[in-house]
1. Report, to the nearest 10°, how far helix 105-118 tilts away from the longest principal axis of the Cα atoms in the chain, using its own Cα long axis and a range of 0 to 90°.
2. What nm distance separates the two modelled labels at Ala44 and Thr104, each placed 7 Å from Cα along Cα→Cβ?
3. Suppose R0 equals 25 Å; then what is the FRET efficiency for Ala61 and Asp116 from their Cβ-Cβ distance, rounded to the nearest 0.05?
4. Taking the chain as the reference, fit the longest principal axis to its C-alpha atoms, fit the long axis of helix 42-69 to the helix C-alpha atoms, and give the angle between the two in degrees, 0 to 90, nearest 10.
5. Give me the distance between the Cα centres of region 51-119 and region 26-48, rounded to whole Å.
6. Could you work out the relative contact order of region 14-130? I mean the mean sequence separation of Cα pairs under 8 Å and 6+ apart, divided by the number of residues, in percent.
7. Roughly what angle does helix 16-37 make with the longest principal axis of the chain, taking Cα atoms, 0 to 90 degrees, to the nearest 10?
8. Once you put a point 7 Å from the Cα of Thr7 and another 7 Å from the Cα of Ile88, both along the Cβ direction, what distance in nm separates them?
Amino acid sequence: MALITWTAGQFGTNVGFADDEHKILFDKLNNLYDLATGGADRSAVGNQLDDLISYVVGHFAHEEREMLAKDFNGYTAHKAEHEALIGICAGLQTKFHAGEAEVTEEVGQMVKGWLDHHIPTFDMAYADALNS
Ligand SMILES: [Fe+2]
Ligand SMILES: [Fe+2]
């Protein structure tokens, strides 16, 4: 079963690029979760982990560019949230490739929990500014 499912009711931001990228991000996270919890080769897990993290970094940068372009006053707090998650992900990525950590059920739940909070709280808050 998928770790996380995109629905407009729970995750729709009313910003086209954000919804499109969130759906792709969820697919990549679900793929990683399935590989990691399904006993896939470590190299396959690592490749998917790298792909997910680079997509997340690009998505965050895209949101930040759009917020800056509209001079959105929530930019600083929003960017800080992004940087906190990137820091956690980069730490896991480094440890994974050093053989010191694995992608576990708990890792999947942590990222899911972050998205469950971040998208409704932070991403939905930029809709009016970005659509203005
Ligand atoms: Fe987002
Ligand atoms: Fe965001």
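Read-outs throughout are calculated quantities, based only on the coordinates presented, and are distinct from any laboratory measurement. Just so you know, these numbers come straight off a predicted model, no measurement behind them. Note: ideal-geometry Cβ built from the backbone for every residue, glycine included; neighbour counts use all protein chains shown.
1. Once rounded, one gets 0 degrees.
2. With each label point 7 Å from Cα toward Cβ, the separation is 2.2 nm.
3. On the way: r = 22 Å, r/R0 = 0.88.
About 0.70, to the nearest 0.05.
4. 10
5. Region 51-119 and region 26-48 have Cα centres spaced 17 Å from each other.
6. Working: 60 pairs, mean separation 42.1, N = 117.
The value is 36 percent.
7. Approximately 10 degrees, to the nearest ten.
8. For the pair Thr7/Ile88, the computed spacing is 2.4 nm.
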